[in-house]
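As structure tokens, the structure follows; a few thoughts come after it.
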Amino acid sequence: MYRHVRELQFTAKPEKPDALFAMKFQEILGGQFGEMTVMMQYLWQGWSCRVPGKYKDMIMDIGTEEISHVEMLTVMLARLLEGAPGETTEKAAAANPVLAAVLGGQNPQHAIVSGGNAMPTNSQGVPWNTGYIVASGNLLTDFRSNAAAEGQSRLMTSRIANMTDDRGVKDMLAFNLARDTYHQQQWLLGIQNLQEDGFTDGVIERSNGDWEDDAAAHVFYTSTPGSRAGEGLWATSNSLVDGKPFRVEPLEPLTDDTGILPPPDPKQFVTYDGSQGPAKPGDARGAYAQGAQNVVGKLKDAITPD
């Protein structure tokens with residue numbers, strides 16, 4: 001359950017309207033690394049978190065704060081769009097070709113679709129989508145994604161801040177930058193807490209690490225003639241997992257598998273030279289039967305493993 005307070009978290013008042021800047025401003029609201037992304041990412045992680053207490057509460061707290069940031073940005077955008085485009089603006093543009101060219105950089109959807117309000121899109125009008133968010137249920141990997149998202153968000157906010165001299169806009173963005181600075185530290189310290197509390201035994205994700213290819217976990221493959229990549233710590237230091245030394249090797253095939261594909265389904269009309277023999281036609285029923293056969297096979301193996 002959520003409650004709404006009328007007052008914004010921070011003042012969102014520009015000194016003057018600026019429809020062209022509003023188009024750019026949309027990026028830090030509805031872009032891939034905008035506030036809508038971190039808001040939904042954290043809320044989804046919080047709702048899905050299976051560790052009650054400080055971790056779930058922390059994720060929900062920051063997710064709820066990000067709702068406040070989205071509200072601040074939408075209010076700022078509406079104020080930047082005040083009176084533009086309007087009849088006065090249109091007359092001025094008609095009399096001044098240079099001004100008309102500048103106004104042409106506005107997002108027309110601000111006038112046509114949203115009625116002078118913010119939109120859940122990026123600066124090019126592309127709608128925000130849920131494919132931007134990360135919520136795996138694994139707090140270690142999620143926290144790393146969150147730190148990266150905050151870093152990207154802060155970088156874009158900083159770039160946007162350099163595109164305006166409006167004191168009101170800069171004041172609000174200074175607050176946002178500070179929150180992004182804190183939030184990056186929050187997620188990195190959260191990873192440290194996960195280690196201290198025993199939720200992860202290392203600094204990287206290592207599910208099924210007991211049967212991974214150990215040799216492949218310690219080698220840097222280089223594929224560029226004269227590459228100096230082997231000078232980096234990723235090639236000259238030791239593994240963060242087991243302390244074994246890294247090594248450098250040229251990228252070469254480790255198998256004689258040439259990747260030849262099986263014969264295609266004739267019903268798919270794939271160009272085929274017959275080198276892999278004749279193919280059996282497949283259909284949806286065949287795929288369903290194969291799936292059922294796999295299940296039966298697994299059950300048999302479970303009952304009689306030998």
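Overview of values
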quantity: Close pairs (9 angstrom Cβ cut-off, 6 or more residues apart or separate chains): within 17 Å of GLN9 (Cα to Cα) and without any contact (Cβ under 8 Å) to a residue 40 or more places away in the chain in region 170-194, of a type in the set (Ser, Thr, Tyr) and part of a helix (DSSP H, G or I) anywhere; calculated: LEU173/THR157; LEU173/SER158; LEU177/THR157; LEU177/SER158; ASP180/SER153; ASP180/THR157; ASP180/SER158
quantity: Residue within region 203-215 that is in contact (Cβ under 8 Å) with a residue 60 or more places away in the chain, of a type outside the set (Gly, Ala, Ser), assigned to a loop (DSSP other than H, G, I, E, B) and buried (at least 17 other Cβ atoms within 10 Å of the Cβ) present; calculated: no
quantity: All positions within region 42-61 that are assigned to a helix (DSSP H, G or I) and either touching a Pro at 6+ places or on another chain (Cβ under 6 Å) or surrounded by fewer than 24 Cβ atoms within 10 Å (Cβ to Cβ) (or both); calculated: LEU43, TRP44, GLY46, TRP47, SER48, LYS54, TYR55, LYS56, ASP57, MET58, MET60, ASP61
quantity: Some residue of region 37-55 being β-branched (Val, Ile, Thr), in contact with a Leu (Cβ under 9 Å, 6 or more places away or on another chain) and under 17 Å from ALA174 (Cα atoms); calculated: no
quantity: Hits in region 132-147 - residues which are assigned to a helix (DSSP H, G or I) and either at pLDDT below 95 or open to solvent by 60 Å² or more (accessible area, probe 1.4 Å) (or both); calculated: ARG144
quantity: Top-ranked residue in region 114-124 [being free of Cβ contacts under 8 Å to residues at least 24 places away in the same chain and within 19 Å of MET36 (Cα to Cα); ranked as least open to solvent (accessible area, probe 1.4 Å)]; calculated: SER114
quantity: Subset of region 1-19 [open to solvent by 100 Å² or more (accessible area, probe 1.4 Å) and under 30 Å from ASP57 (Cβ atoms)]; calculated: MET1, TYR2, ARG3, HIS4, ARG6, GLU7
quantity: Region 229-251: number of residues that are open to solvent by 60 Å² or more (accessible area, probe 1.4 Å), closer than 12 Å to VAL219 by Cα and part of a loop (DSSP other than H, G, I, E, B); calculated: 2
quantity: Residues (under 30 Å from ARG79 (Cβ atoms), part of a helix (DSSP H, G or I) and charged (D, E, K, R)) located in region 161-197; calculated: ARG167, LYS170, ASP171, ARG179, ASP180
quantity: Residue that is nearest to HIS110 (Cα to Cα), among those in region 20-41 that are open to solvent by 10 Å² or more (accessible area, probe 1.4 Å) and outside any loop (DSSP other than H, G, I, E, B); calculated: MET23
quantity: Residue selected from region 275-293 under the condition assigned to a helix (DSSP H, G or I) and closer than 23 Å to ILE260 by Cβ, by the criterion modelled with the lowest pLDDT; calculated: GLY286
quantity: Only one of THR271, THR255 that is more than 30 Å from GLY202 (Cα to Cα), at pLDDT below 95 and not small (Gly, Ala, Ser); calculated: THR271
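Okay, residues lined up against (1) over 24 Å from ARG144 (Cα atoms); (2) modelled with pLDDT under 90; (3) not in a loop (DSSP other than H, G, I, E, B):
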| site | (1), (2), (3) |
| --- | --- |
| TYR221 | yes, no, yes |
| GLY226 | yes, no, no |
| LEU261 | yes, no, no |
| VAL295 | yes, yes, yes |
| LYS300 | yes, yes, yes |
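The values are calculated or read from the model by the stated rules, or taken from the named source; none is laboratory data. A quick note: this is a predicted structure, and the numbers were derived from the prediction, not measured. Cβ: placed from backbone, ideal geometry, glycine included. Neighbour counts: every protein chain shown. For accessibility, only protein heavy atoms count, side chains too; no ligands or nucleic acids. Shrake-Rupley method; radii C 1.70, N 1.55, O 1.52, S 1.80 Å.
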